[in-house]
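Below is one structure, written out as structure tokens; the observations come after it.
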Amino acid sequence: MADRPSQPHPAFVAPTLFDAPIDGVGDDDLRQRIRERSPFARRYQRQRGLASGQMSDLLLARDHLIGRAVAYKSLAVDRAGDREAELRFLREATIQGQLEHPAIVPVYDLGVDPEGNIYFTMKRIRGINLDEILDGVSWDREGFRATYTRRRLIQALANVALAVDFAHRRGIIHRDLKPSNIMLGDFGEVYVLDWGLARIDLSIADDSEGSARRPAATFALRTLPGALLGTPGYMAPEQLGAAEEVSPAADVYALGAILFEVLTDTRLHDHDQPADRVRSTIQEAPPRPSERRPELAIPPELDALCSAAIQRDTAARLADARRFHDGLERFLAGERDVELRGALAAQHVDAAQAHREAKDDPVAARRRAIRELGRALALDPGNIRATNDLLALLGELPSETPEEVERLAAGARRRYWRIVARFSGLAYLSIFLYAPLLLWNGATAMTTIVFFYLLISLAAALSFWVSRQEEPAMALVLVVHAVSNVAFATLAGLAGPLVVVPLVVTVNAGGFALLFGRRMRWWIFAGGALAIFVPLALELLGVLPPTYEFVDGAMLIRPRWVEAKPLPSLVFLGVAAMTSLGTATFLFSELREMVLRSERRFYVHAWQLRQLLPNRLR
């Protein structure tokens, strides 16, 4: 068998820049050690700036050795000679370089340029960071909402969670996860940026593959007392107290804060000043996304996952970034946690019951109870308790009528008034059909007849005026009522106060009763009674000539308006009876149709609501 070339053991870690102690190494020796490993001359050509920060500058450079564009990162000019900054910069390069993951930008080279500045080069990436995306979506900039859908952002965050879990298994905690440190590439790539504040904790590294998983750069850096390592608003509460002792749970909290922002379009700690964000993180209980923006109908799976990730107590917080990723993937795969939905539905039913028992504002409480039961059934359509409670709630009348219902009822009442007023105006005009019959019957009191028709004309005109008003005036309707009753009272001169007058007054009173309802019925009754009995009283008192005589058990009618010719009188009385009958018939039949249409709409709405329920619950 031929000898194979010698291969290093998988657990062997090649010597790195930091294998030898560096605490006693001077600045010049440190740079010389780097130069020996990374010649700069004739390789890199710096072209233009890409970004600039407090600690470092990022440029676009050309790597002539490989023939490619690279991102060239160096310490900021004002940090030159700052040993703490240089060591942190070197540690960022080595940590990022050892985390070989698709979502972590690979490092190509580390060296010192001819000016003595420490630099490292890495893959040049193109894209837009999540902070800019969320800002564009929030301001509804053209194309952002369609391009960066919630599903796409959640998928990107799932990829970030995997990269963070990858780092945790190698003993590295990012400590500065935030939207501006997440970039979405032009071709679906997702990158976790800026590992400058990362902490190395070998106690959390996964030893399943030996020391090859452990980071080689293990030198420690000093943190000044009171210094904040991270970004307020995304830092976990424990990170605000002792940044050098945080666990992977701090990164899980930051992932939850980013998810909160994606779901609600608002920051978890939505304050302008960093000090206020710090105070909110430490003192305030984190809200659920659905509590912050209930109108967005946030999926319950994501609502629960985000809430679990942002708990202040690390013991109550989601265990690790892998579980955060798995929760997002389950949602993206369309899985539904039936047990979780049932539990959430039960909470909504309990909340609805609490609202129903509230005494402060019954209308608002009823509205909230219905909405809570609707959410419960949306989560768990087969929930018997929610179904029964909703049916009971919809079947009972509220103690107070909601303002929206009052507005709708007022609108319907106005339409009803206009219909009845228009019908009444036509009924009053129909009385002019009697004029030829009166003349045919030998009219003897033309002045009274003209006065009667003037009153009827006024009542008809006022009725049509009422029918054209958006909000019928009560005083105007009462004037119509008074004018019409006076007109009908004068009919006592035609056949006495007890023959024709009660018939037409009854039909007239019925129309006004339909308009006013219970509140004015005694006034309507009184007006009709006066139209009948005032002329009768005037006759009994001798003010008016009597229209009735009683002779030998017979009752004689002596009209004051006409001569009472036999045929015209019979025709007149017949037409009067038919007109009154027709008016009452058509008016009440139309009202019946209005009631039936309302009932039919109610039954249709109820049927449609029942279709939302499973078959066994309908």
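Structure summary
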{"read-out": "Long-range neighbours under 7 Å by Cβ, at least six apart or interchain, first residue under 23 Å from ARG88 (Cβ atoms) and open to solvent by 60 Å² or more (accessible area, probe 1.4 Å) within region 118-145, second assigned to a loop (DSSP other than H, G, I, E, B) and not β-branched (Val, Ile, Thr)", "value": "LYS123/PRO106"}
{"read-out": "Lone unmet requirement of (1) in contact with an Asp or Glu (Cβ under 7 Å, 6 or more places away or on another chain); (2) modelled with pLDDT under 95; (3) open to solvent by less than 20 Å² (accessible area, probe 1.4 Å) for GLN239", "value": "(1)"}
{"read-out": "Exclusive hit being part of a helix (DSSP H, G or I) and either open to solvent by 30 Å² or more (accessible area, probe 1.4 Å) or not polar (S, T, N, Q) (or both), set ARG277, ARG317", "value": "ARG277"}
{"read-out": "Selection status of ALA495, touching a residue at least 40 places away in the same chain (Cβ under 8 Å) and in contact with a strand residue (DSSP E or B) (Cβ under 8 Å, 6 or more places away or on another chain)", "value": "yes"}
{"read-out": "Those residues of region 151-203 which are open to solvent by 30 Å² or more (accessible area, probe 1.4 Å) and of a type in the set (Lys, Arg), in sequence order", "value": "ARG151, ARG152, ARG169, ARG170, LYS178, ARG199"}
{"read-out": "Flag for LEU305 being surrounded by 19 or more Cβ atoms within 10 Å (Cβ to Cβ), more than 26 Å from the chain's Cα centre (by Cα) and either within 19 Å of GLY233 (Cα to Cα) or free of Cβ contacts under 8 Å to residues at least 60 places away in the same chain (or both)", "value": "no"}
{"read-out": "Residue that is nearest to ILE182 (Cα to Cα), among those in region 250-267 that are open to solvent by 10 Å² or more (accessible area, probe 1.4 Å) and not β-branched (Val, Ile, Thr)", "value": "GLU261"}
{"read-out": "All positions within region 320-343 that are within 16 Å of LEU259 (Cβ to Cβ) and without any contact (Cβ under 8 Å) to a residue 60 or more places away in the chain", "value": "ARG323, ASP326, GLY327, ARG330"}
{"read-out": "Region 146-174, subset charged (D, E, K, R) and part of a helix (DSSP H, G or I), residue farthest from GLY185 (Cα to Cα)", "value": "ASP165"}
{"read-out": "Qualifying positions in region 96-107 - surrounded by 17 or more Cβ atoms within 10 Å (Cβ to Cβ) and not hydrophobic (A, V, I, L, M, F, W, C)", "value": "GLN96, GLY97, GLN98, HIS101"}
{"read-out": "Among (1) at pLDDT below 95; (2) over 20 Å from the mean Cα position of the chain (by Cα); (3) not hydrophobic (A, V, I, L, M, F, W, C), the one test that ASN159 misses", "value": "(1)"}
{"read-out": "Residue in region 521-578 that is farthest from VAL507 (Cα to Cα), counting only those that are open to solvent by 70 Å² or more (accessible area, probe 1.4 Å), assigned to a loop (DSSP other than H, G, I, E, B) and of a type in the set (D, E, K, R)", "value": "ASP552"}
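Residue-by-condition table, conditions (1) of a type in the set (Ser, Thr, Tyr); (2) open to solvent by 60 Å² or more (accessible area, probe 1.4 Å); (3) out of contact with any Pro (no Cβ under 6 Å at 6 or more places or on another chain):
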position: GLY395; (1), (2), (3): no, yes, yes
position: GLY425; (1), (2), (3): no, no, yes
position: SER430; (1), (2), (3): yes, no, yes
position: LEU433; (1), (2), (3): no, yes, yes
position: ALA443; (1), (2), (3): no, no, yes
position: MET446; (1), (2), (3): no, yes, yes
position: ILE449; (1), (2), (3): no, no, yes
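The values are calculated or read from the model by the stated rules, or taken from the named source; none is laboratory data. Values in this document were obtained by computation on a predicted structure and should not be read as measured data. FYI the Cβ positions are ideal-geometry reconstructions off the backbone, even for glycines, and counts take in every protein chain you see. Ligands, DNA and RNA are stripped out before the accessible areas are found, and what is left, the full protein with its side chains, is counted by its heavy atoms. Shrake-Rupley method; radii C 1.70, N 1.55, O 1.52, S 1.80 Å.
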